[in-house]
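Just below is one structure, and these are the notes that go with it.
The values are calculated or read from the model by the stated rules, or taken from the named source; none is laboratory data. Keep in mind that what you see is a predicted model, and the values were worked out from it rather than measured. Note that each Cβ is placed from the backbone with ideal geometry, even for glycine, and that neighbours are counted across all protein chains shown. For accessibility, only protein heavy atoms count, side chains too; no ligands or nucleic acids. Shrake-Rupley method; radii C 1.70, N 1.55, O 1.52, S 1.80 Å.
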Amino acid sequence: MKGTKAPLVSIVMGSDSDLSVMEEAAKILRDFQVPHEIFLTSAHRAPQRTAEFAAGAAGRGVRVIIAGAGAAAHLAGVIASQTPLPVIGVPIDATSLQGLDALFATVQMPGGIPVATMAIGKAGAKNAALLAVRILALTDARLRKRLDAFAEGMAKDVEARHEGMMKKLNA
Ligand code: RP5
């Protein structure tokens, strides 16, 4: 577990081999100053640990769970089945199927248990955190302001890239 304040977002992953991808989510939450924790568990290898985590998260004050896993990625769905919290799934490229296996396993939840599924890999982990921030911003005006500033920053970055590209073209 990570952070000093009670975590609002849990970043869960199925293996320590997923960390390099899921760190993208942690970076965003750090930038937005959202208290978060990182937790390793596996739907397959540690079902009891996963069940205890899922059942206890809401009671500890967690508001959103981000779950990243590769291969036959059941982690997000299994957690979502045992908590009323919103669960955001991140499919990870961990096998020769390059994340398509995890994407299908995460996104194709049968009706009744929702998992908001992001893109495969780092972009998905980043967007999972941004979606979590958007959910929290519904009731937090400071976070809403930070989201607005983030969007402005991206727009400015596009302008700067345009300028840089034109300079290269005209050189
Ligand atoms: C999944 O299996 C994990 O989320 C990971 O992406 C994949 C491979 O895990 P390791 O064999 O590297 O621990 O459960």
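Looking at residue 106, is it in contact with a helix residue (DSSP H, G or I) (Cβ under 6 Å, 6 or more places away or on another chain) and away from the ligand (no atom under 14 Å from the Cβ)?
The answer is no for residue 106.
Restricting the range 56-79 to residues that are more than 20 Å from residue 126 (Cα to Cα) and small (Gly, Ala, Ser), which is least open to solvent (accessible area, probe 1.4 Å)?
Top of the filtered list is 57.
Search the range 14-27 for residues that are assigned by TED's automatic domain parsing to the domain that holds residue 91 and pair each with any residue that is open to solvent by 70 Å² or more (accessible area, probe 1.4 Å) and away from the ligand (no atom under 11 Å from the Cβ) when their beta-carbon atoms are under 7 Å apart and the residues are at least 6 apart or on different chains.
So the pair list comes out as 21/122; 24/122; 24/126; 25/126.
Among the residues of the range 102-111, is any under 16 Å from the mean Cα position of the chain (by Cα) and under 16 Å from residue 19 (Cβ atoms)?
Yes.
Under the condition of being free of Cβ contacts under 8 Å to residues at least 60 places away in the same chain and not aliphatic (A, V, I, L, M), which residue from the range 33-46 is surrounded by the fewest Cβ atoms within 10 Å (Cβ to Cβ)?
The selected residue is 45.
Using beta carbons and a limit of 8 Å, which pairs, at least six apart or on different chains, have the first residue in the range 47-67 and in the same structural domain as residue 22 (by TED's automatic domain parsing) and the second one surrounded by fewer than 12 Cβ atoms within 10 Å (Cβ to Cβ)?
Matching pairs, first to second residue: 58/84; 60/6; 61/6.
Which one of the conditions (1) touching a residue at least 12 places away in the same chain (Cβ under 8 Å); (2) over 18 Å from residue 14 (Cα atoms) does residue 140 fail to meet, given that it meets all the rest?
Condition not satisfied by residue 140: (1).
Could you list, in sequence order, the residues of the range 9-32 that are buried (at least 21 other Cβ atoms within 10 Å of the Cβ) and within 19 Å of residue 51 (Cα to Cα)?
Matches in the range 9-32: 9, 10, 11, 12, 13, 14.
Looking at the structure I just gave you, is residue 94 more than 15 Å from the ligand (Cβ to nearest atom), in contact (Cβ under 8 Å) with a residue 12 or more places away in the chain and aliphatic (A, V, I, L, M)?
Answer is no for this residue.
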